[in-house]
Each structure stands twice: as structure tokens, then as C-alpha cells.
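Student: Dumping the structure here so I can ask a few things about it.
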Amino acid sequence: MENYKILVQNQKSFFRTNKTKDIGFRLDALQKLRNAIKKCEKELMDALKADLNKSEFDAYSTEIGFVLEEIRFTIRNIMKWVKPEKVKTPLTHIGSKSFLYSEPYGVVLIVAPWNYPFQLAIAPLIGAIAAGNCAIIKPSELTPRTSEILERLVEEIFPKEYISVVLGGVEESQSLLNEEVDYIFFTGSVVVGKIIMEAAAKNLTPVTLELGGKSPCIIHKDANLKVAAKRIAWGKFTNSGQTCIAPDYLYVHQNIKAEFLHHLKDAIRELYGENPLDNPNYTRIVSEKHFNRLQSFLNNGEILLGGKSNPKTLVIEPTVLGNISWEDSVMKDEIFGPILPVLEYDVLAHVIDGIHRHPNPLALYLFSENNNVQQEVVNSIPFGGGCINDTVYHFVSPYLPFGGVGSSGMGAYHGKGSFDTFSHKKSILKQTTLFDIPFRYPNTKNGLKKI
Ligand code: NAD
């Protein structure tokens, strides 16, 4: 195995040259990254097809297009973000001025998962570059074609001592964690998130943890049911449910359940056709292990829609499960696949209690036209972020920092949120020497005396 000590040391030495702090250098790096991505767009789409059977539409809209937009937004705003921010100074500090300097940490380690293997490696990199850091990316071993292109793309435009990609799995990831980097940005499961944080604690390395969990979606009795059904079907079944912020399960008000499910079935058919298993654009499950795990949920409750699968192509139909309770295995952990269990409720308080009794969700979605209901849900449940009357869409706004809370993660990124994540805010007081206010000094002419 390669010696990562040397790689990290070389990056640290390069960082100390201060080149990466130069704004022209950062802008140039972002432009290079944008051009390189555009150049290998087709190759990337092919790789995403091979790794996950992602359609060109999905590959572009959820991976390539997303990061190109993030680069464009960063280039447009970086000059504002890098300026030292002048803040207020109290009267006690008269004569001085106060500033916050955004300073890069140094060498950043980015560990990425397989479900959006390109986007979830590159989006943090954009923030790391913008803030003036060096970076090492460890992409997922489960999507080898995409990870290889990522490595080639980075190698072609950046020297290793600035940005580097390390291919491999758990072993490589743990070797990198043994090195003393200056920041760790991890996206992945809760279980591995804990391992990362433990490793980071040894060197007191700051971390961002973008984790997962069960994200609820509540459909209240006053919701626009047709619109809700379409937006939920899209948010849940895009990428075959292998999205960290996909609605994991539904809480549907009992009065509208039958009508809503009717719309949901229509919406799923409209998006994936009568026979999703034969749809060439339907994403597959990443591995046999995950396929078998998901397959085991199909005997929970009753199948209201879908339920068929193909172990040869690793595809599972968009599936809706009824007659489900919190005791079923499908309700124990994040599903991360195209299976959507439906719980029903009569009063909102039961929903709030139900969610409260489980770990903090990464996302929460509520469909309701009632402002009081919206406020009650937003104010009384802890979750990373989410949408009212939509699903997943908050993720793609550069103005909304994205991240979890509690077991769904810590820290946030996207847009200025990424720049801030990868910057230490150095507080500087700039004092005048024209005068010296005496009140802070002990009142004595001959040194300190006992009173
Ligand atoms: P994972 O935690 O298994 O792996 C993520 C990365 O960690 C991979 O690069 C892997 O090689 C590495 N890794 C795995 N085991 C390790 C170990 N023991 N020590 C060190 N490194 C290790 O996650 P995954 O299966 O790739 O992704 C799915 C999970 O990621 C889901 O739980 C999902 O919710 C979460 N996720 C979260 C977000 C988010 O933005 N919050 C986005 C996508 C996925």
C-alpha cells in the first residue's frame, strides 16, 4: 500500500508555500475543474451507467450539472466571501477595529460514498479549493468506474501535492485516517461516521459528518394530494431510493390515505412505466448485499404497489408497503432503496411523538397548506433540513447549507456554507497606538502592591 504519510507531508509543505491562499490560484483551480468536468461529461455518464445504471438525465441533473452549478456559483461569489469581515467593536475597545479572517485549514481529507459517487466527492472539493485548502479525496470502492474517472480527472489538472485522489476501500480509508490531516469531511453511514469521529479525536481534527437516517414525509389531510404524490414519487424513487435525503417512509393522515395512495400509484406509473424492471433508465441497486437486504423487507406488511425484483440485474420495482408499524424490520434502519412504507395517523401529535422517539432525521418533508401545521412541525421536531410541500429540492439550493443534526450528522455545506465549512474564522483586533486607555491597567505607579 502507498505511503500516505509522504502524500500528506507533501501536501502540508505545498500548503505552507501559501500558493493555495492566492485568490487567482483558487479561481484558476475552479475553472480548471469546471473545464475538465465538461470535457469528460460523456465518460462520466458512461461510468455512472456502468456502476449504477444511472440514466443520462439522472447522471447530468443529480451529479454533473449539480457540481457545475456549484462551481459557477462559487466563482461568482468568492471575491465577497474571502474578504475579511468587519464586525462591531465594543466601546471598551475604543480606538480599535475588529475583523474575521477566513483562513484555510490546510490539508483536507474528503471520504465519499457510492450513491452519488461523483457529486458527493466533488461538491466538498469545490468548497475546499474555494477556501484555499489542499485536498485528498477517497471515493467509494463500490463504484469503481466513476472513482477511476475521478482520479484521472484530478491527476490531469492538479499536482498531487495540491489535490490527490486515493482509490480503495476500508483499508485505504483507515490508513488515511491515521495521518494527521487538518480537516475531515465525511459522507456516509452513521456507523462509519462514528469510526471517523473517533479517529479524528486522536488528533483533535475538526470534522464534518454528512450521515443518514430515516427521513419522514408527512402528508396532512389538507395537502394538495396530486402534487404531493408526484413530488414524493420523484424524491423517493430517483436513484432507486439510494438517496440519503429520500423520503424513507410516509405518515399519511387517515382521512386522505386512500385518495393519496391512488395518486401515488399513478405518479409512479407515470415516472417509471407499467414495467419498471424493464425500464432501461431505472437505476439498479449498487450491490448484491444491498439487494438482498432490501429484498428481505418485501415480506413486511402488505405490498400495495410493485414488489417484483430481478436478482440478475439487481433491480427492485418502486414498491409501496401498507399495514406497517414501527415494529417491522423495514422501520428499524434507513431503507436506502425503492421501498416506501406507509404509516397512517389521526392527530399530528402522534406523528411528532413517533418521530421524536427515533434518531434525528437528516431530512423531513411535510405536505400541508396550513401555516400553523407547518410551524408546529418545523418548530417541534429536530431534523437536518427539509421542505414544505416538496421533497429533496432543498439540497440543490446554494443558499441553504445542507447537513444533519445529532445522529444524522454535524456541520453543513453547499454554496457559502461550503466555503465556511472549510475556513477557520480567525478573529483579529486591530488596535491603535495613538492613545492608550488606562482603565484596564491596575492603578499603581510602582508595580502591583498588596491592598
Ligand atoms: P459507508 O459509510 O459504508 O462508506 C462511506 C465511505 O467510507 C466509503 O468511501 C468507504 O470506503 C469508507 N468506509 C467504509 N467503512 C469504513 C471504515 N470502517 N473505516 C473508514 N472508512 C470506511 O457509506 P456508503 O454505503 O458508501 O453510503 C451510504 C450511506 O451514506 C447511507 O447511510 C446514506 O444515508 C449516507 N449518505 C449521506 C449523505 C449526506 O449527504 N448526508 C449523502 C449520501 C449518502
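Laboratory data are not the source of any read-out in this text; all were calculated from the coordinates shown. Not measured: the values here are computed from a predicted model. Using ideal geometry, Cβ is built from the backbone for each residue, glycine included, and neighbour counts are taken over all protein chains shown.
Student: Tell me, which longest segment in the chain has none of the trypsin sites (Lys or Arg not before Pro) that fall in DSSP loops with at most 10 further Cβ atoms within 10 Å? Walk me through the intermediate numbers first.
Tutor: Details: sites that count: Lys88, Lys312, Arg357, Lys445, Lys449, Lys450.
By the stated rule (loop sites, at most 10 other Cβ atoms within 10 Å), 89-311.
Student: Between Lys83 and residues 5 or more places away or on another chain, which pairs have amide H atoms under 5 Å apart, with H built 1.01 Å from N, and which residues are they?
Tutor: Under 5 Å from the amide H of Lys83 lies no amide H from a residue far enough along the sequence or on another chain.
Student: Taking the dipole about the Cα centre of the chain, with the C-beta of Lys and Arg at +1 and of Asp and Glu at -1, give me whichever of Trp326, Ile122, Pro276 is farthest to the positive side.
Tutor: The Cα lying farthest towards the positive end belongs to Ile122.
Student: So, one more: Count charges around Lys312 for me, please; just the other residues with Cβ under 15 Å from its Cβ, Lys/Arg as +1, Asp/Glu as -1. Spell out each step's value before the answer.
Tutor: Details: positive: Arg284, Lys308; negative: Asp278, Glu288, Glu317.
Residues near Lys312 contribute -1 overall.
Student: Size of the dipole of the range 216-396 about the Cα centre, Lys and Arg at +1 and Asp and Glu at -1 on the beta carbon, nothing else charged, in debye to 20?
Tutor: Details: 15 positive and 20 negative charges, 94 e Å.
About 460 debye.
Student: Once the chain is represented by equal point scatterers at the alpha-carbon sites, with solvent omitted, what log10 I(q)/I(0) does the Debye formula produce at q = 0.06, 0.12 Å⁻¹?
Tutor: -0.30, -1.02
Student: OK, next. Express the relative contact order of the chain as a whole percentage, based on alpha carbon pairs under 8 Å and six or more residues apart in sequence.
Tutor: Working: 880 pairs, mean separation 82.8, N = 451.
RCO, the chain: 18 percent.
Student: Around Leu44, with a cut-off of 14 angstrom between Cβ atoms, what is the net charge of the other residues, counting Lys and Arg +1 and Asp and Glu -1? Can you show the working numbers first?
Tutor: On the way: positive: Arg34, Lys38, Lys39, Lys42, Lys49, Lys54, Arg145, Arg152; negative: Glu41, Glu43, Asp46, Asp51, Glu56, Asp58, Glu63, Glu148, Glu151, Glu156.
Neighbour charge sum, excluding Leu44 itself: -2.
Student: Please report, in debye to the nearest 20, how large the charge dipole of the range 16-89 is about its Cα centre when each Lys and Arg carries +1 at its beta carbon and each Asp and Glu carries -1 there. Walk me through the numbers before you get to the answer.
Tutor: On the way: 17 positive and 12 negative charges, 157 e Å.
In total the dipole reaches around 760 debye.
Student: Moving to a separate point now. Give the residue from Asn255, Ile64, His424 lying farthest towards the positive end of the charge dipole for the chain; charges sit on Cβ (+1 for Lys and Arg, -1 for Asp and Glu) and the dipole is referred to the Cα centre.
Tutor: The residue sitting farthest along the positive end of the dipole is His424.
Student: Taking the Cα centre as origin and putting +1 on Lys and Arg beta-carbons and -1 on Asp and Glu beta-carbons, what dipole magnitude results for the chain, to the nearest 20 debye?
Tutor: Numbers: 50 positive and 49 negative charges, 485 e Å.
Dipole size: approximately 2320 debye.
Student: Across the range 351-451, how many lysine pairs, 8 or more apart or on two chains, come within less than 29 Å at their alpha-carbon atoms? List each step's numbers first, then the result.
Tutor: Working: Lys416/Lys425; Lys416/Lys426; Lys416/Lys430; Lys430/Lys445.
Summing the qualifying lysine pairs gives 4.
Student: Considering only the chain, what is the antiparallel percent among its DSSP beta bridges, to the nearest 5?
Tutor: Values: 19 of 53 bridges.
Percent antiparallel among DSSP bridges in the chain is about 35.
Student: Taking the dipole about the Cα centre of the range 216-396, with the C-beta of Lys and Arg at +1 and of Asp and Glu at -1, give me whichever of Asn370, Ile355, Ile316 is farthest to the positive side.
Tutor: Ile316
Student: Rounded to the nearest Å, what's the spacing between the alpha carbon centres of the range 210-258 and the range 99-138? Just the number, please.
Tutor: 31
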